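The values are calculated or read from the model by the stated rules, or taken from the named source; none is laboratory data. Since the structure is predicted, the reported quantities are computational estimates derived from the model, not experimental observations. Here the Cβ is made from the backbone with ideal geometry for all residues, glycine too, and neighbour counts use every protein chain on show.
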Amino acid sequence: MMPRPEYPRPMLRRRRWVNLNGRWEFGAGDPPRFDGRIQVPFCPESARSGIGEIVGDVAWYRRSFDAPEAEVLLLHFGAVDYRATVWVNGVEVAAHEGGHTPFSADITRAVRERGNELVVRAEDPLRDRTIPRGKQFWEPEPEGIFYTPTTGIWQTVWLEPLPARHLRRLRLRPDLDSGSLAFEVGAEGRVELVARLDGRVAGTWSGLAGSGTLRLDPVVAWHPDSPRLYDLEVRLEGGDSVAAHFGLRSIATEGGQVLLNGERFVQRLVLDQGYFPDGLLTAPSDAALRRDIRLARALGFNGVRKHQKAEDPRWLYWADRLGFLVWSEAPSFHRHSPEAEHRLAAEWAEIVRRDEGHPAVVTWVVGNESFGLGDVDAGVRSAYLDRLRDLTDSLDGTRPVVTNDGWEHARSDLCTVHDYSPPEVLAKRYRTLDGALRGEGDHAAFDPGQAYTGQPVLVSEFGGLRIAGSGGWGWLDVPDAAQLASAYRELVEALMGPGPVEGFCYTQLADVQQERNGLLTADRRPKVAPELISAATGTRKRDR
């Protein structure tokens, strides 16, 4: 059975496509020797790839394919970590840098009808900490808060046959207040857009491709408790058609609170690393991505902070469908340099462009705990984070931006702090704003020259409960599984008492390798009855 057979790009869907996942020839090093086999899209470090070990800084892939009939044929890669070069029949057709983002190549002129050769070279220098690595460790063995790295292809590879005149780009900007959808269609000629809600037409638009606005009737908001989505079809006259979806929702901050659709909303998030025991960054199936969200919802959480990873778009699709808020976070570099700044900014821009259409995404996070910036002058750090924030606003501008989750914020729309203290300390510290801004440890909430200006305060990492004797490590220990739920409740109640805290993110959803502080085991088995955790997660916020 072909791995990951589902259509990989949920925000621009077509019926005709060819999945190139499955068995490829594989080799490592330069020059290549294709003496192995690998199961794409799983990285060689993962068990599901059929290799299960670090293969070095350079990986090579090769396979043959027959070209489907098409006037234009595109070759797509969901993600290749980190630097990819692609050849078809000996012709270089693509070069891309960035381990978390998609890229494509027009291979029309390079292919023949049958027996085409596709070769991919992936370069990912293990010890290069200026690359946006996220939680991938730069040593052979995982350690501390860092995990086994990913090299090469780790998302779906596929072909897309197209007519000569086709839709190249679709950008959607839903607006709840006006009940409309602003759009940009990249194509030549006349297009027709049809929006449907529950199968019924809710709005149409036709005219020349470009920018426009489609009025909606009825106007129905997207919300975690009611994740209503509009389906959209875009047809190009005499040629192509694509399908997408969108949701109407607003997210804003005002008076120290987060407003979802104009009303105060307490975010009860869980930290999710997005690692799987046998696939690492790649989920074994689409169903596994959906199951992670359903499990988190069963634990009472209304959203997730996807930590140091730009997740598979299929996971975002399920977040939209199931009603699950998402904080999207840039994978950090871990050694500062001008090149590191450039690499992260370029990759982050691609992430924002890819994911801005998902209603589930409600916050952009451009930095975490000064990763890669801890030894940099505070002024230099703040200036760089401000540039990332400005870049994000220029690309989107509809969502809050967190500049340095945990501490040492620059200009930030939310004040987020990390605190792994026990409940009695949390209960005292978070009764006042001064206590919240002090947080845990020696890191100030804001860098020198920056200041708190009334932003909502959220404790975006806390807890980390580990059952004693379960191996690995955690932030706080409990004696056994029977006491895990009560210890979790004490932590949540400590934060939700009177005071400035407007939401939280608990560490974490599932165990990852040596980290054993998940509410689920690494293979997604609950450590305690989910309903006990859910009841505590929903502890009512007591106003100050």
Checklist outcome for this item: Of the residues in segment 57-73, those that are of a type in the set (A, V, I, L, M, F, W, C) and part of a loop (DSSP other than H, G, I, E, B) number 2
Checklist entry - Which residue pairs have Cβ atoms closer than 8 Å, lie 6 or more positions apart in sequence or on different chains, and pair a first residue in segment 264-278 that is among the acidic types (Asp, Glu) with a second residue that is part of a strand (DSSP E or B)? => result Asp272/Val304; Asp272/Arg305; Asp272/Lys306; Asp272/Ala510
Checklist outcome for this item: Counted residues in segment 126-164 being crowded, with 18+ Cβ neighbours inside 10 Å, over 25 Å from His342 (Cα atoms) and aliphatic (A, V, I, L, M) come to 3
Checklist entry - Failed condition for Glu311, given (1) in contact with a Leu (Cβ under 6 Å, 6 or more places away or on another chain); (2) within 27 Å of Ala243 (Cα to Cα); (3) not hydrophobic (A, V, I, L, M, F, W, C), with all others met? => result (1)
Item to check | Segments classed as strands (runs of 3 or more DSSP E), wholly inside segment 166-270, with at least 1 members that are within 24 Å of the chain's Cα centre (by Cα) | outcome: 169-175, 180-186, 230-236, 241-246, 251-254, 257-260
Next on the checklist: Please go through segment 264-288 and give me each residue that is closer than 26 Å to Thr416 by Cα and of a type in the set (Ser, Thr, Tyr), ordered by number.
Outcome noted: Tyr275
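For every residue, the table says whether it meets (1) touching a Leu at 6+ places or on another chain (Cβ under 9 Å); (2) surrounded by fewer than 22 Cβ atoms within 10 Å (Cβ to Cβ); (3) charged (D, E, K, R).
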site	(1), (2), (3)
Arg228	yes, yes, yes
Asp231	yes, yes, yes
Gly239	yes, yes, no
Thr253	yes, yes, no
Asn261	yes, yes, no
Pro277	no, yes, no
Checklist entry - For the subset of segment 40-70 comprising residues that are in contact with a Leu (Cβ under 7 Å, 6 or more places away or on another chain) and of a type in the set (Asp, Glu), which member is nearest to Gly99 (Cα to Cα)? => result Asp57
Checklist entry - Which condition breaks for Thr150 when tested against (1) in contact with a Cys (Cβ under 6 Å, 6 or more places away or on another chain); (2) assigned to a strand (DSSP E or B)? => result (2)
Item to check | Failed criterion for Ile54 (all others in (1) closer than 22 Å to Arg129 by Cα; (2) buried (at least 19 other Cβ atoms within 10 Å of the Cβ) hold) | outcome: (2)
Next on the checklist: Out of the residues in segment 23-55 meeting the condition of being free of Cβ contacts under 8 Å to residues at least 40 places away in the same chain and of a type in the set (Gly, Ala, Ser), tell me which one is nearest to His358 (Cα to Cα).
Outcome noted: Ser49
Checklist entry - Out of segment 380-423, which residues are farther than 24 Å from Phe504 by Cβ and aromatic (Phe, Trp, Tyr)? => result Tyr384
Checklist entry - Going by the structure shown, is Gly238 more than 30 Å from Asp286 (Cβ to Cβ) and at pLDDT below 95? => result yes
Next on the checklist: Looking at segment 312-330, can you tell me whether even one residue there is surrounded by fewer than 18 Cβ atoms within 10 Å (Cβ to Cβ) and either among the β-branched types (Val, Ile, Thr) or not in a loop (DSSP other than H, G, I, E, B) (or both)?
Outcome noted: yes
Checklist entry - Is there a residue in segment 344-356 that is assigned to a loop (DSSP other than H, G, I, E, B) and either surrounded by fewer than 20 Cβ atoms within 10 Å (Cβ to Cβ) or not assigned by TED's automatic domain parsing to the domain that holds His223 (or both)? => result yes
Checklist outcome for this item: Being outside any strand (DSSP E or B), in contact with a Ser or Thr (Cβ under 6 Å, 6 or more places away or on another chain), under 30 Å from Asp175 (Cα atoms) and of a type outside the set (A, V, I, L, M) narrows Asp386, Asp413 down to just Asp413
Checklist entry - List pairs: first in segment 293-305 and free of Cβ contacts under 8 Å to residues at least 60 places away in the same chain, second surrounded by 24 or more Cβ atoms within 10 Å (Cβ to Cβ) and assigned to a strand (DSSP E or B), Cβ under 9 Å, 6+ apart or cross-chain? => result Ile293/Val304
Checklist entry - Only one residue in Glu461, Glu493 is in contact with a Ser or Thr (Cβ under 6 Å, 6 or more places away or on another chain), more than 20 Å from Asn404 (Cβ to Cβ) and not in a loop (DSSP other than H, G, I, E, B). Which one? => result Glu493
Next on the checklist: Of all residues being closer than 20 Å to Gln155 by Cβ and among the hydrophobic types (A, V, I, L, M, F, W, C) in segment 95-125, which is surrounded by the most Cβ atoms within 10 Å (Cβ to Cβ)? Just the residue, please.
Outcome noted: Ala122
Checklist entry - Which of the residues belonging to segment 126-174 are basic (Lys, Arg), free of Cβ contacts under 8 Å to residues at least 40 places away in the same chain and in contact with a Lys or Arg (Cβ under 7 Å, 6 or more places away or on another chain)? => result none
Item to check | strands (runs of 3 or more DSSP E) completely within segment 74-125 that count 1 or more residues being touching a Leu at 6+ places or on another chain (Cβ under 6 Å) and free of Cβ contacts under 8 Å to residues at least 40 places away in the same chain | outcome: 83-88, 103-106
